[in-house]
Amino acid sequence: QVQLVESGGGVVQAGGSLRLSCAASGRTFSTYVMTWFRQAPGKEREFVATISASSRNTAYADSVKGRFTLSRDNAKNTVYLQMNTLKPEDTAVYYCAAARSWAPTDQNKYVYWGQGTQVTVTS
């Protein structure tokens, strides 16, 4: 069993930065693919970024590529999403999720989800 707890959300002006963290319980964190999704009001939850268990592979949604950076520290059971040059359209609840295999956008593959953290970007 893995429990995921997100933190780091908040309110920021456009052009600003935030760093989200997702802390995991359990000794198997290092075996999971970790991914951030987000859901804006009235919209479906969408893929943001993913990182493989070893950090060797990452992938990003086109909308965040070049602005967001995903990393993980397996020794600390934590994954980080550095978000720079934020835009109002980045406003959403951000969720981290864990999967046992690489399938970035297939939400059915994710076995553990956090409760989400709100990010609000003002113009």
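Against the list (1) under 18 Å from residue 103 (Cβ atoms); (2) under 11 Å from the mean Cα position of the chain (by Cα); (3) in contact (Cβ under 8 Å) with a residue 40 or more places away in the chain, the condition residue 21 fails is (1).
I'd like the full set of residues that are touching a helix residue (DSSP H, G or I) at 6+ places or on another chain (Cβ under 9 Å) and either at pLDDT below 95 or on the phi < 0 side of the Ramachandran plot (or both), limited to the range 77-94. Scanning the range 77-94 gives 78, 79, 83. Across the range 56-76, the qualifying residues are those that are farther than 23 Å from residue 118 by Cβ and among the polar types (S, T, N, Q), and the one among them that is surrounded by the most Cβ atoms within 10 Å (Cβ to Cβ) is 74. For residue 64, the conditions (1) under 13 Å from the mean Cα position of the chain (by Cα); (2) in a strand (DSSP E or B) all hold with the exception of (2).
For residue 103, which of the numbered conditions (1) outside any strand (DSSP E or B); (2) open to solvent by 40 Å² or more (accessible area, probe 1.4 Å) fails to hold? Residue 103 satisfies all of (1) outside any strand (DSSP E or B); (2) open to solvent by 40 Å² or more (accessible area, probe 1.4 Å) except (2). Taking every residue in the range 85-109 that is in contact (Cβ under 8 Å) with a residue 12 or more places away in the chain and pairing it with any residue that is in a helix (DSSP H, G or I) and polar (S, T, N, Q), at least 6 positions away or on another chain, the pairs with Cβ-Cβ distances below 8 Å are 97/107; 100/31. If the condition is being open to solvent by less than 50 Å² (accessible area, probe 1.4 Å) and either in a loop (DSSP other than H, G, I, E, B) or of a type in the set (Val, Ile, Thr) (or both), then the range 9-46 contributes 9, 12, 16, 25, 26, 32, 33, 35, 40.
The values are calculated or read from the model by the stated rules, or taken from the named source; none is laboratory data. All of these numbers come straight from a predicted model, not from anything done at the bench. Quick reminder, even Gly has a Cβ in these numbers, built from the backbone with ideal geometry, and neighbours come from all protein chains shown. These accessible areas exclude ligands, DNA and RNA; they are computed on the full protein's heavy atoms, side chains included. Shrake-Rupley method; radii C 1.70, N 1.55, O 1.52, S 1.80 Å.
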